[in-house]
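Here's the structure, in structure tokens; my notes come after.
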Amino acid sequence: MDGAASSTPGANVHKRVVITVNSKPALPSFVRLHHDKARDRWVILVPERVLVPDETAVEIVQMCDGVKTVRDLVDELAKKYNADRALITVDVLAMLQDLADKSFLEDKGATP
Amino acid sequence: MNEITRIGPADGVAALEGAIAPERPALPLAVLAEITHRCPLQCPYCSNPVELERSNAELSTDEWKRVISELAGLGVLQFHFSGGEPTARRDLVELVAHASKAGLYTNLITSAVLLDEKKLAALKEAGLNHVQISFQDSDERIANRVAGYKDAHRKKLAVAGMVRAAGLPLTVNAVVHRQNLHHLPEMIQMSIELGAARMEVAHVQYYGWALKNRAQLMPTVEQLDEATRVVEEARERLHGTIVIDYVIPDYYARRPKKCMGGWGRQFFNISPSGKILPCHAAESITTLRFDSVRDHAIEWIWNESEALNKYRGTSWMPKPCQGCEMAEIDWGGCRCQAFALTGDAGNTDPACELSPRHQEIFQMAKAESEADERRFLYRNFAGGTWEKIDDPVA
Ligand code: SF4
Ligand code: SF4
């Protein structure tokens, strides 16, 4: 991705990731979903912080494998919970965009 | 149990802030280890104590490994390698590998001047998760002068590029003060061009070396207002591109900072010789004795150490903190600052407007900033060396 060192100024700039239903979200290598045994719960380890996702967020993040699109995630969730697709889409996009804006999520489907 | 604060309205993800029981907090989730005080740089605001610990006092490789395993066993999740300059220790790669194997998330807080591609590759291979590089300015001449090190800035830029090329995430840490604040917009731009996903803009906090250089570093009131404006504007404009964390100087504030989230409450660091400290400046409080991992189990120190218990919770508080509605929010401010400015760590932090000393401190800061003394006292093991004005480093 934007890893390669470049002599072009600005080529290294970290660009805003915009999550859409076509995005293929994944956690970057430095963000780790971790089961905290001592406290028996899931945490997301990021630089300088420990995040505690709620149950739904854990489920969504676990599905973010860089292959499935957000649309796929929504389909799965809608089927599993027999819930309204439009509502789920709004929630999933909001949650993923928030992670992306903190640079804790990347889009494997985006053209580099 | 731990207190959880939501960091966004819709994200379903909260940031963990540490323990809730004020008098008996659970062990922190993240620990910072100052594995050495040695450092090739001489920053006049260094947060290390003025009495630096010598290399022969440092914990050995085996001792650090034992400490790391002990912490992982206690449920600590993140381990920050800091200093001094952590890369000055030859066993850094071994220690990172050990922490990584123990399941800890590892972060390297470095001045970068001793790093190169080979060392970075080895660190990455060992499982390093994140790198934070400190910058002294965006202007090479001032940067090298503040660092007291020839060529520091160019090396830092090069290493930052290598960090990104290695696929490691980068945080830029910029310590700001009167002599570099006019370059804050350029420092933000530099961080973006370096590919940093996160930037810390931290005003100098005045204890240790920084206290000795306070007159040289204290921003003017106008500079502070301008810096806050610049950060707020950049945050808005760069939303999603870079996260900017901002630490304000509290001499000019009306309320003190929530220092370390409260004394001995959510955080500790370990000194090179293994002392467990509630914050990196705690040893400036010369009336306290801190316990070492060489003598006690870490869990025992966290729960039982007299120094850690001394200012925990609210029962130790004097007036005006006692009974104040902010007592469990800012925990009375910073103990090190109370000690430095009033001679008693048990006083209300004079940064608070309600402290009887506040006006005096505010006026002093203002007067110092306006007098504009510039010559630095550099940090070193010899107790400091004055900058030679006729023979600048850069
Ligand atoms: S603040 Fe400067 S002198 Fe102190 S440890 Fe960091 S790089 Fe070294
Ligand atoms: S009086 Fe003490 S508790 Fe109240 S705001 Fe000031 S420092 Fe905080």
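The values are calculated or read from the model by the stated rules, or taken from the named source; none is laboratory data. Being a predicted model, the structure only gives us computed values, none of them experimental. Using ideal geometry, Cβ is built from the backbone for each residue, glycine included, and neighbour counts are taken over all protein chains shown. Surface accessibility is based on the protein's heavy atoms, side chains included, excluding ligands, DNA and RNA. Shrake-Rupley method; radii C 1.70, N 1.55, O 1.52, S 1.80 Å.
DSSP assigns beta bridges within the protein assembly as shown; of those with both partners inside it, close to 45 percent run antiparallel. Between residue A:15 and residue B:158, the simple label model (points 7 Å from Cα in the Cβ direction) yields a spacing of 3.0 nm.
Stokes-Einstein diffusion of the stretch A:25-105 at 20 °C, 1.002 mPa s viscosity, Kirkwood radius from Cα pairs, rounded to a whole number: 162 µm²/s. Length gained on full extension, residue B:366 to residue B:63, computed as 0.36 nm times the residue gap minus the Cα-Cα distance: 104.5 nm. By its C-alpha gyration tensor, with a ≥ b ≥ c as the square roots of the eigenvalues, how is the stretch B:279-376 shaped: rounded for a/c under 1.5, else prolate for a/b larger than b/c, else oblate? Oblate is the answer for the stretch B:279-376, as a/c is 1.5 or above yet b/c matches or exceeds a/b.
Here the extension length gained between residue B:353 and residue B:233 equals 40.4 nm, from 0.36 nm per residue of separation less the Cα-Cα distance. Taking the chain by itself as reference, the stretch B:159-174 contains these residues with an accessible-area loss of 50 Å² or more in the full protein complex (1.4 Å probe, heavy atoms): B:164. Our summary of shape: the Cα atoms of the stretch B:109-159 have principal axis extents of 35, 16, 14 Å, ordered from largest down, in whole angstrom.
Based on the convex hull around the alpha carbon atoms, the protein assembly as shown presents an average projected area of 23.4 nm².
Rolling a 1.4 angstrom probe over the stretch B:323-394 with all protein chains present gives an accessible area of which 52% lies on carbon and sulfur atoms. For the stretch A:25-105, which whole percent of the accessible surface, found with a 1.4 angstrom probe, sits on carbon and sulfur atoms? In the stretch A:25-105, the share of accessible area belonging to carbon and sulfur is 53 percent. The mean of 1/r over all distinct Cα pairs in chain B, once inverted, gives the Kirkwood hydrodynamic radius of 21.7 Å.
Place the peptides A:18-24, B:289-295, B:217-223 in order of packing, highest mean first, counting for every residue the other Cβ atoms within 10 Å and averaging per peptide. Display every interim value, and only then the final one.
Details: A:18-24: 16.9, B:289-295: 15.1, B:217-223: 20.0.
Sorting A:18-24, B:289-295, B:217-223 by mean packing, highest first, produces B:217-223, A:18-24, B:289-295.
Annotation: amide H-H contacts under 5 Å for residue B:171 (H modelled 1.01 Å from N, sequence separation of 5 or more, or interchain): B:131, B:132, B:133.
3J(HN,Hα) couplings calculated from phi for the stretch B:297-302 with the Karplus curve 6.51 cos²θ - 1.76 cosθ + 1.60 (θ = phi - 60°) are, in sequence order, 5, 4, 4, 4, 4, 4 Hz; Gly and Pro show x. Buried accessible surface for the B/A pair, both sides summed and rounded to the nearest 100, is 3300 Å² with a 1.4 Å probe. In this model, which of B:275/B:310; A:37/B:119; A:37/B:65; B:155/B:388; B:119/B:150; B:156/B:388 are farther than 27 Å apart at the alpha-carbon? From the list (B:275/B:310; A:37/B:119; A:37/B:65; B:155/B:388; B:119/B:150; B:156/B:388), the Cα-Cα distance tops 27 Å for A:37/B:119.
Rounded to whole Å and ordered largest first, report the semi-axes of the equivalent ellipsoid of the stretch B:161-276 derived from its Cα gyration tensor (root of 5λ).
On the way: eigenvalues 120, 93, 42 Å².
Square roots of five times the eigenvalues give 25, 22, 14 Å.
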